[in-house]
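Trainee: Structure below; questions to follow.
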Amino acid sequence: METKNIVEAKQQANGYSGPAICFIFTVFCFLFWANILGILGPGGNLAVGCVQLGAFGSYLAGAIILYSKGLAFEANVFMVFSAMFAGVGGLLNVVSALAEAAEIPFSGGVGGICWLFSGLFLLAILPANRTAPKVGFGVFLLAGIALVLMGLWNLGILGDAVGPVCAWLLFAVGILGFLMTISPMWGFAGMNLPLGKPFFKEPQSKTDAASE
């Protein structure tokens with residue numbers, strides 16, 4: 001008997017774009033991790049911004065495909081992050097780097113507000129994602145915390161000491177995101193890569209309860 005995630009993957013296989021978008025998100029997490037820790041060296045913001053803008057079209061197209069398949073929860077999450085992580089984030093990184101080189105004032109607080117509310121968005125919808133596998137729930141939780149901290153950091157409310165914390169939270173999110181990318185890809189081929197049983201059980205319908 002096939003496991004639930006394999007069955008769901010096969011049902012979604014016709015044009016399902018989730019794994020591709022999740023992979024883009026995963027790469028972004030590792031880029032942000034490396035950039036915050038200074039691994040990318042001088043010019044890291046500009047280079048990361050170019051990658052973000054380069055991936056924006058695919059990110060946006062993937063979200064639209066999810067809308068067309070009626071997967072409203074995933075579609076809205078990825079639409080928000082195609083805008084914030086790829087579009088807005090990419091432009092802010094590129095323009096801020098160019099503005100710095102040209103000695104033109106540019107406020108980093110704008111990005112802080114974007115990251116703060118993106119993180120609050122993820123944390124606020126955790127209850128709606130409560131029956132997701134542990135890995136998926138962990139992505140929302142850890143990414144939400146990381147983005148809130150990044151937002152407060154960029155706004156100057158928290159000091160630079162929070163930077164490494166954000167970086168390693170995003171690293172953990174990247175690891176979990178990679179698992180979420182590979183699991184459905186395996187499922188398309190009839191293979192099973194478990195993502196952990198949900199922390200919370202799915203609510204039992206009245207019909208099911210009556211039949212017991």
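The values are calculated or read from the model by the stated rules, or taken from the named source; none is laboratory data. All values derive from a computational prediction rather than experimental measurement. All Cβ positions, even for glycine, are placed from backbone atoms using ideal geometry, and neighbour counts span all protein chains on display.
Trainee: Does V94 fit the bill of being β-branched (V, I, T), modelled with pLDDT of 95 or more, part of a helix (DSSP H, G or I) and within 26 Å of I157 (Cβ to Cβ)? Please lay out each step first, then the result.
Mentor: Working: β-branched (V, I, T): yes; modelled with pLDDT of 95 or more: yes; part of a helix (DSSP H, G or I): yes; within 26 Å of I157 (Cβ to Cβ): yes.
So V94 fits the description; yes.
Trainee: Quick one: is S107 within 21 Å of D160 (Cβ to Cβ) and part of a loop (DSSP other than H, G, I, E, B)?
Mentor: For S107, the condition - within 21 Å of D160 (Cβ to Cβ) and part of a loop (DSSP other than H, G, I, E, B) - is met.
Trainee: A follow-up question, please. Out of everything in the range 178-194 that is under 18 Å from T26 (Cβ atoms) and touching a Ser or Thr at 6+ places or on another chain (Cβ under 7 Å), what residue ends up being modelled with the lowest pLDDT?
Mentor: L193
Trainee: Could you check S58 against (1) in contact with a Phe, Trp or Tyr (Cβ under 7 Å, 6 or more places away or on another chain); (2) among the small types (G, A, S); (3) over 20 Å from M150 (Cβ atoms) and say which number it fails?
Mentor: Evaluating S58 over (1) in contact with a Phe, Trp or Tyr (Cβ under 7 Å, 6 or more places away or on another chain); (2) among the small types (G, A, S); (3) over 20 Å from M150 (Cβ atoms) leaves (1) as the failure.
Trainee: Could you figure out which of (1) under 26 Å from T181 (Cβ atoms); (2) at pLDDT 90 or above isn't true of T131?
Mentor: (2)
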